[in-house]
Amino acid sequence: MGYLSPNPCQKEKTVYHLFNADCQSGRDERRTLRYATAMKKQNGVTLVELMVTLAVIVIIAAMGFPGLQDIAANNKLMTNTNNLIASFNQARSEALKRATTVQITAKNSDWADGWDVIVNGASIAETAALPSAIELKQFGSIPFATSYTYSAQGRLIISNNNQLHVCDSRTGESGRLITLSPMGRVSVERETCD
């Protein structure tokens, strides 16, 4: 029982026993072992197979890389646009909640340097400077002010819509146009950068 025979012909109910002609006719058992050894599957890949696989991966990656750069730039543009919109919405919400005026002010009179949400002279939210690739430009004839004040009713103290164009260093690409209405609402839409 403890001894296992290397000859598959001596084992009962095996694939060799049922289908191997050498086992059925009782021929030379060395010939059967030689066939069994030759049938073993070899593992691994050759150097040529590895090089071809790597070449295909490099080609596919090179084709997709410019698309990934655009996705990353669009993501950065939207993130910074959303941060500015969220700050305006927070200022409006605080004005309604506290029933007092709330101001959102650009740092150093430039929105690209960041901004603060201010209540009763104290900053309640501060945003860091925008990345250098992001540009804020005036859109239309009404200049985008360096400070906006929300009334206790959540309305902006402005007479007309103010618009700000958020772009990055790419030209002809899709930017974002932020519009502030006197009602206090902030909207955003796609707009081509110059």
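Here, each number is a calculation from the coordinates, and none is a lab measurement. Fair warning: this is a prediction, and the values are worked out from it, not measured in the lab. Here the Cβ positions follow ideal geometry from the backbone for every residue, glycine too, while neighbour counts run over all protein chains shown.
So if we plug the beta-carbon distance of N74 and T101 into 1/(1 + (r/R0)^6) with R0 = 45 Å, what FRET efficiency do we get, rounded to 0.05? That gives a FRET efficiency of 0.80.
Summing Lys and Arg as +1 and Asp and Glu as -1 over all other residues whose Cβ lies under 15 Å from the Cβ of G121 gives a net charge of -2. Note on N161 and S109: the extension gain reaches 16.8 nm, defined as 0.36 nm multiplied by sequence separation minus the Cα-Cα distance.
Here A128 and Q90 are evaluated by their C-beta separation; at R0 = 25 Å the FRET efficiency comes out at 0.95.
Given the options G184, Q153, C167, identify the residue whose Cα lies farthest towards the positive end of the charge dipole of the range 147-194 (+1 on Cβ of Lys, Arg; -1 on Cβ of Asp, Glu). Positive-most Cα among the choices belongs to Q153.
Tell me, what is the percent relative contact order of the range 107-194, built from C-alpha pairs under 8 Å that lie six or more residues apart?
21
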